[in-house]
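Undergrad: The structure under discussion is supplied below as structure tokens; questions concerning it will follow.
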């Protein structure tokens, strides 16, 4: 399938005339062909009109059809074969194995939601029987189910060109909920986006779904994205990216005549608590594992361990030594884009030059867009006094806060903003400490984990990949796992309806 | 129990020194004793600090304790006996039978949520088993449950001094979710609020719960309410009231450092579709039933039928005649406050003086704060051309839109904003019309009902009392029924936790 650089609207490929943008190979510094034409306001308008038109038809298809459609997308993505992997590797700088793994995760996710659709629990169908004899008034019959919100705008993440992108978790869960999707491609993986978009578009056509069920738009600036969020026909937004981008969309969404929900997964430093018993028992082992985790995928995971909290002492020094030694062995890795690499270097340099911060270790140096891992340390008191130190540095850098005691560690955790994950390394002797910290940990993060790091995010029923603001714009939600579908649903109740007029799933209830 | 006019904070009654406000009897025009002292900024701050402190303790009590606490509130409200009913009748102008009925609904709602808490389904506990042998990496164990958002600010409605007030649906569902509540009393029923607040406060003390689990504040202006929504310790807002009030709170909530959800039930005109078959079969009967429904509780229901849509013709004329005759017999009824009565009169007068609007009927005239029912009519074309005609007139007034044909009726429905309810009156011969309208109805409202009016709102599992903006600020939610508890919950996932450290409900999962 050739990559043509076109927007995908109404079942067709349409050349955008609103400027041009090209992909970039961060490994080689090369610009990649072809040019992608930015969508015009008319393209956006057409995509929104079609999505709005498609909504009632698409959402009222039998669940089996909807499930088969999601599976067809997965099949079509696999059928792209090496063309997809090659292009994705070239655009993202990610290693081939990682891209293949992410592809597996992406199609697995589509199939996971197909199963959820088939099972139908997400509809939460329920009935209250009538009681004709109730006094003073008869009790009516009520039946309820969830319905989709309407067309959803999906914004791809830079750091997951497949799993959090055009046919990633937001798209899969929105389509599963019965909502048409208009996806906006990320400039970091334009060709990948088109290939995936074509796979979805083909599935739409093959299933005989209305053409407005899916569209893909390219943008040479921010106008298309902003226009999508502002458009009255869009009823929800899925976004993975920066805090600035997410909060800008939240603002636009709230200022609409009809405000809409924005599900933005944004910013998290994912604190790791190293408790005394664990350090005493296995400081070196944790240090080595930490170094591997913080550098996974060049540190470009939303769940990257950007902050370590522990009480200062000899055991912590053992951890530091081990982590530093391991980190020093690890090669620099190509980052996703030149812009992300530049931001990372700036963030690292801010820490290096911070008067209160000491550099503990560096990974091996790199070239071009390669990010060199780094570990810093600061005292608890200094960390508390400078909120700038609480900010995310996106990449393979982490800050170890040496606390005076557990009380200071707890104070620091209390002052932190909302997080995607909090990990705690513990031994049996730490149980009491964990019990006293647990309520606070629950208030601060969507996922708590023991003796591990948050960098692996399972696509499964009990996964929560969300957390209090600013980890996500809406801490009631998760962007990964079965609950992700709930983001795009609302309840509707049917009172005293003749069975013949009810939707299929309520008819025989 | 004497009414003292005090704020209820920290298990005590505290005289507010921030101005004074007194209740008003809309039937007699009398001011009622005592004076209520407005909460100061220090009072508000103390209530928020205590609620925040109470949160972890309260939410971690066994579910049975939480359920018994809700039931104790219900018992304490019933134990107030006639004192509560007398004061509520005096303050609200509502009839005694209505107040007693609303009290039954309120305690029934508390007991309904006690059952939901006991059952525990709202926790949505779920487990993904570990797979130690999975390649390339082991699959961790994940368990998840819902936890409360944190302290909730609850704002009472003017029109339901019990059921949507201090211990109404928002408070019951927030407490059921494990969230402390700070309630702000409505000036339309100050004494009722204090009595109910004392009933809750007593239940908190008797159950040995932390004093911050509940507080009641009085406000002489808007500062306390605005301060509550802005306070960083408040994590969600429940509100029933005007569109202006609700959207103002939405704005404050979004501008916080940590934005929070606002559940505001605001504005709905609850369209009633009169289809041809139904009119032909029983126009008179529907007309008479409509007149009874639009005047229920002086028309002061969120679900009051404020808009009728039908195709013009002889059968519609029969409906009009019947509704007008019935309405003319109905007495004026005392409205809740002088302010609400004044707004109603202004709204009615705007319609009466609108060039395109014809007055079809009036109810009997009244005195003081009594509202006179009114029915108006306008053509479909004129209705479409003037959005001001789409606005709610809170009270016993309704506007009948005479459509040219079903296509125009559909266009009108398409142009309307989100609604709490849409009712449709139909006969067998209308089935095709309903089928073609149903997808649109589902997009416009939270509850659809056949051959009735939306004025009765069951407290039950399948009830949805919410709808797309501006019916509610958050169309994904309902403020009545089992799903109301979901508004105050967020998911938390526990990865690889030793059983001993898990919350009780996840331990043996």
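Quick note: the coordinates plus some simple rules give every number you see, no bench work behind them. All figures in this text were calculated on a predicted structure; none of them were measured in a lab. Neighbour counts run over all protein chains shown; Cβ positions are idealised from the backbone, glycine included.
Undergrad: Given the C-alpha atoms of the protein assembly as shown, compute the convex hull and give its volume per residue in Å³. Intermediate results must be reported in sequence, preceding the final value.
TA: On the way: hull volume 159.3 nm³, N = 1018.
Spelled out: Cα convex hull of the protein assembly as shown, divided by residues, is 156 Å³.
Undergrad: How far is helix A:243-255 tilted, in degrees, relative to the longest principal axis of the Cα atoms in chain A, given as a value from 0 to 90 rounded to the nearest 10?
TA: Relative to chain A, helix A:243-255 is tipped by roughly 30 degrees.
Undergrad: Using Cα-Cα distances under 8 Å and only pairs 6 or more residues apart, what relative contact order does segment B:187-258 have, in percent?
TA: Working: 32 pairs, mean separation 16.0, N = 72.
So the answer I get is 22 percent.
Undergrad: Further question: What whole-number distance in Å separates the alpha-carbon centres of segment A:117-142 and segment A:442-507?
TA: Value for the Cα centre distance between the two parts: 23 Å.
Undergrad: So if I average 1/r over every pair of distinct C-alpha atoms in chain A and take the inverse, what Kirkwood radius in Å does that give? Mind showing how you got there, number by number?
TA: Numbers: mean 1/r = 0.0417 Å⁻¹.
When all Cα pairs of chain A are included, the Kirkwood radius is 24.0 Å.
Undergrad: Can you list the distances in nanometres, one decimal and ascending, from the residue B:45 label point to the identical position in each other copy, with the point 7 Å along Cα to Cβ?
TA: 5.4
Undergrad: Would you please put A:283-291, A:312-320 in order of how densely packed they are, using the mean number of other Cβ atoms within 10 angstrom per residue and starting with the highest? Don't skip to the answer; put the middle values down first.
TA: Values: A:283-291: 20.4, A:312-320: 17.7.
With the highest mean Cβ count within 10 Å placed first, the list reads A:283-291, A:312-320.
Undergrad: What's the average, rounded to a whole number, of partner chain beta-carbon atoms within 10 Å of each residue's beta-carbon in B:141-150? Walk me through the numbers on the way to the answer.
TA: Numbers: counts 2, 9, 1, 11, 3, 2, 3, 2, 4, 3.
Averaged over the peptide's residues, the number is 4.
Undergrad: Which residues in segment A:262-281 have a backbone N closer than 18 Å to a point placed 7 Å from the Cα of residue A:222 along the Cα-to-Cβ line?
TA: Residues A:262-267 qualify, since their backbone N sits under 18 Å from the label point.
Undergrad: When Cβ neighbours within 10 Å are restricted to other protein chains, what is their mean count per residue of peptide B:474-487? Kindly include the intermediate steps, with their values, before the conclusion.
TA: Numbers: counts 4, 9, 11, 2, 4, 0, 1, 6, 4, 6, 0, 0, 4, 1.
Other-chain Cβ atoms within 10 Å of each residue's Cβ, averaged: 4.
Undergrad: Next up: If you count the DSSP beta bridges with both ends in chain A, what percent of them are antiparallel, to the nearest 5?
TA: Working: 26 of 65 bridges.
Of all bridge pairs located within chain A, approximately 40 percent are antiparallel.
Undergrad: Given a cut-off of under 8 Å on Cα pairs at least six residues apart, what relative contact order in percent is computed for chain A? Provide the component values of the computation, followed by the final result.
TA: Details: 1192 pairs, mean separation 84.9, N = 509.
Once divided by the residue count of chain A, the mean separation gives 17 percent.
Undergrad: Output the peptides B:137-145, A:361-369 sorted from most to least packed, where packing is the average of other Cβ atoms within 10 Å over each peptide's residues. Walk me through the numbers before you get to the answer.
TA: Numbers: B:137-145: 19.8, A:361-369: 17.0.
The peptides rank, most packed first, as B:137-145, A:361-369.
Undergrad: Considering only chain B, pick the residue with its Cβ nearest the axis of the rotation onto chain A, and state the distance in whole Å.
TA: Per the Cβ-to-axis criterion, the result reads B:254, 2.
Undergrad: Just need the relative contact order of segment A:271-450 here, percent rounded to a whole number, with Cα pairs under 8 Å and 6+ apart.
TA: Numbers: 344 pairs, mean separation 51.1, N = 180.
Dividing the mean separation by the residue count of segment A:271-450 yields 28 percent.
Undergrad: For segment B:162-182 and segment A:172-236, write down the distance between their C-alpha centroids in whole Å.
TA: That distance is 40 Å.
Undergrad: What is the angle, in °, between the Cα long axis of helix A:338-352 and the longest principal axis of the Cα atoms in chain A? Nearest 10 is fine, range 0 to 90.
TA: 40 degrees
Undergrad: Rounded to the nearest Å, what's the spacing between the alpha carbon centres of segment A:1-46 and segment A:240-264? Just the number, please.
TA: Between the Cα centres of segment A:1-46 and segment A:240-264 lies a distance of 25 Å.
Undergrad: Still on this structure, I have one more. Calculated from DSSP H runs of 4 or more alone, at -39500 (n - 2.57) each and per residue, what is the 222 nm mean residue ellipticity of the protein assembly as shown, nearest 500? Could you put the intermediate results ahead of the total?
TA: Working: 30 runs with 405 residues, N = 1018.
About -12500 deg cm²/dmol.
Undergrad: At 7 angstrom along the Cα-to-beta-carbon line, where would the label on residue A:2 sit relative to the other copies? Give the distances in nm, shortest first.
TA: Going from nearest to farthest copy, the values are 9.1 nm.
Undergrad: Per residue of A:441-451, count partner chain C-beta atoms within 10 Å of its C-beta, then hand back the mean as an integer. Let's see the in-between values first.
TA: Working: counts 2, 10, 11, 0, 2, 5, 7, 8, 7, 9, 5.
Taking the mean over all residues of the peptide, I get 6.
Undergrad: In nm to one decimal, list the spacings between the residue A:28 label point and its equivalents in the other copies, with label points set 7 Å along Cα to Cβ, shortest first.
TA: 9.1
Undergrad: Where the convex hull is taken over the Cα atoms of segment A:145-267, what is its projected area averaged over directions, in nm²?
TA: Values: hull surface 30.2 nm².
For segment A:145-267, the mean projected area of the Cα convex hull comes to 7.6 nm².
Undergrad: Separate question: Percent antiparallel among DSSP beta bridges with both residues in segment B:271-450, to the nearest 5? Each step should come with its number before you reach the end.
TA: On the way: 6 of 29 bridges.
So the antiparallel bridges amount to about 20 percent of the total.
Undergrad: Largest first, please: the extent of the C-alpha atoms of segment A:271-450 along each principal axis, to the nearest Å.
TA: 48, 31, 29
Undergrad: May I pose another question? Can you say what percent of the DSSP beta bridges in the protein assembly as shown, counting only those with both residues inside, are antiparallel? Round to 5.
TA: Numbers: 52 of 136 bridges.
Taking every DSSP beta bridge with both residues in the protein assembly as shown, the antiparallel ones total about 40 percent.
Undergrad: For chain A, take the longest principal axis of its alpha carbons; what is the angle in degrees between that and the long axis of helix A:431-444, to the nearest 10 within 0 to 90?
TA: 50 degrees
Undergrad: Place the peptides B:3-9, A:428-434 in order of packing, highest mean first, counting for every residue the other Cβ atoms within 10 Å and averaging per peptide. Write out the running numbers ahead of the final one.
TA: On the way: B:3-9: 22.1, A:428-434: 15.4.
Ranked from most to least packed, the peptides come out as B:3-9, A:428-434.
Undergrad: Along its principal axes, what span do the Cα atoms of segment A:231-315 show, with the longest given first and each in whole Å?
TA: So the extents along the principal axes, rounded to whole Å, are 59, 25, 16.
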